[in-house]
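This report concerns only the one structure given below.
The values are calculated or read from the model by the stated rules, or taken from the named source; none is laboratory data. Predicted model only: the values in this text are computed from it and were never measured. So basically every Cβ, Gly included, is an ideal-geometry build from the backbone, and we count neighbours across all protein chains shown. What goes into the accessible areas is simple: the full protein's heavy atoms, side chains included, and nothing from ligands, DNA or RNA. Shrake-Rupley method; radii C 1.70, N 1.55, O 1.52, S 1.80 Å.
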Amino acid sequence: MMMKQTLAVVGVQWGDEGKGKIVDILSESYECIARYQGGHNAGHTVNIGNRRHVLHLIPSGIFHPAAKCVIGSGVVLDPLAMIEESEALDKIGVSVAGRLFVSNRCHLILPYHRVLEAAIELQRGERKIGTTSRGIGPAYEDKMGRRGLRACDLLDPATLGDKIRAQVVEKNRVLEALKYPQTIDPESICESYARYGERIRPFVIDTSAYLNDLIRSGKKVLFEGAQGTLLDIDHGTFPYVTSSSSSAGGAATGLGISPKLIQSVLGITKAYTTRVGGGPFPTEATDKNGDEIRTRGNEFGSTTGRPRRCGWFDGPAARYANQVNSMDSLAVTKIDVLDSFVEIPFCTDYKYKGSIIKDFPADAEVLAQVEPVYKMLRGWQTSTAGIRNWNELPSAAQDYLKFLSDYTGVALSMVSTGADRDQTILLT
Ligand code: GDP
Ligand code: IMO
Ligand code: MG
């Protein structure tokens, strides 16, 4: 595939498309890998040898010793999650010292964010979002509400305690109003966050300045998205979304670089669709086919272990993701999971109240009611696991992938045939 100096890697669907695996492979060719949004709600799996690693906060380039990794200002940082993840990496011989950088402008997740999230999800009852319970939404709320604490605050022990105490007064008022049976004790947070500040101090820099310098000097930089386009706060299936800008535009705002510096965009999509948590999912297969996909694809959340909802490829949603991201190419993952099917439904259109609709619905209620129109594509019923050359794919699998590419209007640059690094077809 053509490797531009900068590349944004984005999820096309509702997350878990295999971004971790693909970013790990591409990281060999990039000097820096920068996460631009989300937090430790993400779960990016990287298989190396016989070991499976799940990264939540640290970029998926970390396993390449020469790669520099950046956590940009668009990320919400749980300092303890970062410390624990760094320590776990250190234990297996992957050193982050001197090559992991955290933005001084990152907003922080504090323990009260998780408590507030639990309280709000409880209030929503049946309409709950089904979040990862990491405090992501409330942390972004505080950012947008202009009251959040940032990494730079963590580094100023003289004022940190008072900033935390002031926030806790407000949070306890909200919890009381929600009649939630828990209050927050500020002192233990002040004490632990002062310690975390000292731990993360060596990592904290102005990452916008750092990235702009790298790009100006001709270095290759990959922008790693978490979640996926349909979980984007602006463009996703609101309100069943995450609270950040996971689509390509987020790379500019979340890293402090000009949109002019995003030279290319790679979309990652599964050959079918999954979703974790609540919200509309037009092509969901609630029958035995859904179970077969889940079993074959081992579709259980990398962060929460929840079973993922499974279904067929959603063409209108992928076209919409291309409208939002303008993708230069697609990496299609997990084609091997479809090996067992005689026929594979591919959703080409949505019908709403009897008519085909052109635009992707803004209203989740409408999306919940659309009826997918399927074209039945031929299955191949032979193993594609581990295939590394396009020509070795069964012709029906080639046809399926070509149909997907023609339908979306996006060229394929990679096809993934297994979870391991080398189970990959690279196309030009
Ligand atoms: P991410 O959040 O986009 O990085 O994706 P996850 O890591 O949450 O989920 C993808 C899962 O599929 C992981 O368990 C990967 O190891 C696995 N995976 C990735 N590519 C393939 C593939 O081509 N085939 C199979 N069978 N598994 C894959
Ligand atoms: P990666 O990066 C899949 C989902 C949650 C929930 C909604 C909001 O591994 O693809 P949040 O905790 O973010 O407020 O939850 O978003 N969600 C993900 N689903 N993959 C992810 O990340 C996700 N991160 C959040 O399940 O529906
Ligand atoms: Mg994941």
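Which FRET efficiency value, to the nearest 0.05, do you get for Asp90 and Gln323 by plugging their Cβ-Cβ distance into 1/(1 + (r/R0)^6) with R0 = 35 Å? Don't skip to the end; give the middle numbers.
On the way: r = 42 Å, r/R0 = 1.21.
Using R0 = 35 Å, I get an efficiency of 0.25.
What nm distance separates the two modelled labels at Asp162 and Arg51, each placed 7 Å from Cα along Cα→Cβ?
4.6 nm
Given the options Leu149, Ile136, Thr424, identify the residue whose Cα lies farthest towards the positive end of the charge dipole of the chain (+1 on Cβ of Lys, Arg; -1 on Cβ of Asp, Glu).
Positive-end residue among those listed: Leu149.
Pairwise over distinct Cα atoms, reciprocal of the mean inverse distance: report the Kirkwood radius of segment 107-200 in Å, one decimal place. Present the calculation step by step, with values, prior to reporting the outcome.
Working: mean 1/r = 0.0726 Å⁻¹.
After inverting the pairwise mean of 1/r, the radius is 13.8 Å.
Give me the angle, in degrees from 0 to 90, between the Cα long axis of helix 79-91 and the longest principal axis of the Cα atoms of the chain, rounded to the nearest 10.
Roughly 70 degrees, rounded to the nearest 10.
Which of the listed residues, Thr229, Gly197, His56, is farthest toward the dipole's positive end in the chain, when Lys, Arg count +1 and Asp, Glu count -1 at the beta-carbon?
Gly197
Which shape class applies to segment 305-360: rounded if a/c is under 1.5, otherwise prolate when a/b exceeds b/c and oblate if not, where a ≥ b ≥ c are the square roots of the Cα gyration tensor eigenvalues?
Judged from the Cα gyration tensor, segment 305-360 comes out oblate (a/c at least 1.5, b/c at or above a/b).
Could you work out what % of the accessible surface of segment 268-426 is carbon and sulfur, using a 1.4 angstrom probe and leaving DNA, RNA and ligands out of the count?
Working: 3080 of 6820 Å².
That fraction is 45 percent.
Before anything else, pin down the relative contact order of segment 1-108: Cα pairs under 8 Å, at least 6 apart, normalised by residue count, whole percent. Walk me through the numbers on the way to the answer.
Details: 176 pairs, mean separation 26.4, N = 108.
Relative contact order here is 24 percent.
Show me the ranking of peptides 241-249, 63-71 by mean Cβ neighbours inside 10 Å, starting with the highest.
Highest to lowest by the protection proxy: 241-249, 63-71.
Given the options Ile387, Gln323, Ala97, identify the residue whose Cα lies farthest towards the positive end of the charge dipole of the chain (+1 on Cβ of Lys, Arg; -1 on Cβ of Asp, Glu).
Value: Ala97.
About the Cα centre, and with charges only on the beta carbon of Lys, Arg (+1) and Asp, Glu (-1), how big is the dipole of segment 268-426? Nearest 20 debye, please.
Here the size comes out at about 140 debye.
Normalized C-alpha radius of gyration of the chain, against 2.2 N^0.38 Å?
Output field value: 0.98.
Only sites in a loop by DSSP and with at most 14 other Cβ atoms within 10 Å count here; which trypsin sites (Lys or Arg not before Pro) in segment 110-190 make the cut? Display every interim value, and only then the final one.
Values: sites: Arg114, Arg124, Arg127, Lys128, Arg134, Lys143, Arg146, Arg147, Arg150, Lys163, Arg165, Lys171, Arg173, Lys179; in loops: Lys128, Arg134, Arg146, Arg147, Lys179.
Of the trypsin sites (Lys or Arg not before Pro), the ones in loops of segment 110-190 whose Cβ has at most 14 other Cβ atoms within 10 Å are Lys128, Arg146, Arg147, Lys179.
Can you tell which of Leu26, Leu122, Leu100 shows the greatest fluctuation in a Gaussian network model of the chain with Cα springs below 10 Å?
Leu122
Hey, what did the chain get for relative contact order, percent, Cα under 8 Å, at least 6 apart?
Reported as a whole number, the value is 20 percent.
Taking only C-alpha pairs under 8 Å that are 6+ residues apart, what is the relative contact order of segment 163-270 in percent?
16 percent
Can you tell me the equivalent ellipsoid semi-axes for segment 1-89? Use √(5λ) from the Cα gyration tensor, largest first, whole Å.
Rounded to whole Å, the semi-axes are 19, 15, 14.
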